Amino acid sequence: MAKAGTSSFGIDYVIFGITDDNGKLLTGNKGVSDTGIVLVDGDGQGATTANITNIEAAGTEQYANNQVKRIAHGLSRPQVALTMLDLDLELSSKMLGYVMDSTGGAVLKSGMKPNVAMLIASHDFNDNYHYAGFANGEMIEGTMNHGTNNANETDANATFTYQALAPIQDGIFSDGNGVQQPMKIWNSGLSGFNSAAMLKEVFGGYTGDDIVKSHITKNSTSTSTPTSTPVSSTQV
């Protein structure tokens, strides 16, 4: 097994799920699919950017005896700037908190937004999968951009901001001090990596098929053997 690396390239896929107020994964009509999670990799669909910021902030220096004696560190407040090359509208509406009606319309619900869990997969340069997981957070779509076609087609891809929150369930993403953190990373090159356990932790106790093992990126040279069952990316 090649050693895990810090540098990465590309976006292999993004997986979404919605949990209830107790942190348990929602399935069926209340969730994003019958299994409760969806890997977005359909025809013309996928993630273009997933830029994570605010993982850490520079500490505040504290002085004594004319020297810096201590550095105080604030909370981790990750945000993800996410651009999708198309995304099923019913899926995005559920994650954003829109209420659909019988006329084919939808309005954004006031008050609390859905609890969205998300897993981002990329590759390091040793051909290991690298993952960034968020067990709880909220998604917003701050803008919708439209532009006229001219000699060229003007496309407008959906852009979202994901604001990570502390996990709802106790013990999820806990650090060495027992404090829960809003983000956790994995790498398939690290000893003990277990993709099924990762999915269960990120997605509110998910116990369905291990779609991480069954999905393989077309441009990957990974030696993992996928199953023969394709992964659906459009169930909502």
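Quick rundown of the values:
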| item | result |
| --- | --- |
| Met144, sole failed condition from (1) surrounded by 10 or more Cβ atoms within 10 Å (Cβ to Cβ); (2) under 24 Å from Thr48 (Cα atoms) | (1) |
| Yes/no for Asn149 being more than 15 Å from the chain's Cα centre (by Cα), of a type outside the set (Gly, Ala, Ser), modelled with pLDDT of 90 or more and open to solvent by 70 Å² or more (accessible area, probe 1.4 Å) | yes |
| Which numbered condition Ala132 fails, given (1) at pLDDT below 95; (2) in a strand (DSSP E or B) | (1) |
| Condition met for Glu138 (over 30 Å from Ser214 (Cα atoms) and either touching a helix residue (DSSP H, G or I) at 6+ places or on another chain (Cβ under 6 Å) or charged (D, E, K, R) (or both)) | no |
| Every residue from the range 172-215 that is in a helix (DSSP H, G or I), charged (D, E, K, R) and surrounded by fewer than 18 Cβ atoms within 10 Å (Cβ to Cβ) | Lys200, Lys213 |
| Residues within the range 10-60 that are in a loop (DSSP other than H, G, I, E, B), among the small types (Gly, Ala, Ser) and open to solvent by less than 60 Å² (accessible area, probe 1.4 Å), tallied | 8 |
| Residue match in the range 82-94 (condition: among the charged types (D, E, K, R), at pLDDT 95 or above and surrounded by 14 or more Cβ atoms within 10 Å (Cβ to Cβ)) | yes |
| Check on Gln180, modelled with pLDDT of 95 or more and touching a Phe, Trp or Tyr at 6+ places or on another chain (Cβ under 7 Å) | yes |
| All positions within the range 138-197 that are under 26 Å from Ile18 (Cα atoms), in contact (Cβ under 8 Å) with a residue 60 or more places away in the chain and aliphatic (A, V, I, L, M) | Ala158, Ala164, Ile168, Ile172, Met183 |
| So Gly59, is it under 16 Å from the mean Cα position of the chain (by Cα) and among the small types (Gly, Ala, Ser) | no |
| Any hit, the range 119-132, residues being out of contact with any Asp or Glu (no Cβ under 8 Å at 6 or more places or on another chain), more than 28 Å from Ala197 (Cα to Cα) and surrounded by 10 or more Cβ atoms within 10 Å (Cβ to Cβ) | no |
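The values are calculated or read from the model by the stated rules, or taken from the named source; none is laboratory data. A quick note: this is a predicted structure, and the numbers were derived from the prediction, not measured. Using ideal geometry, Cβ is built from the backbone for each residue, glycine included, and neighbour counts are taken over all protein chains shown. Remember, those area values only see protein heavy atoms, side chains included, never the ligands or the DNA or RNA. Shrake-Rupley method; radii C 1.70, N 1.55, O 1.52, S 1.80 Å.
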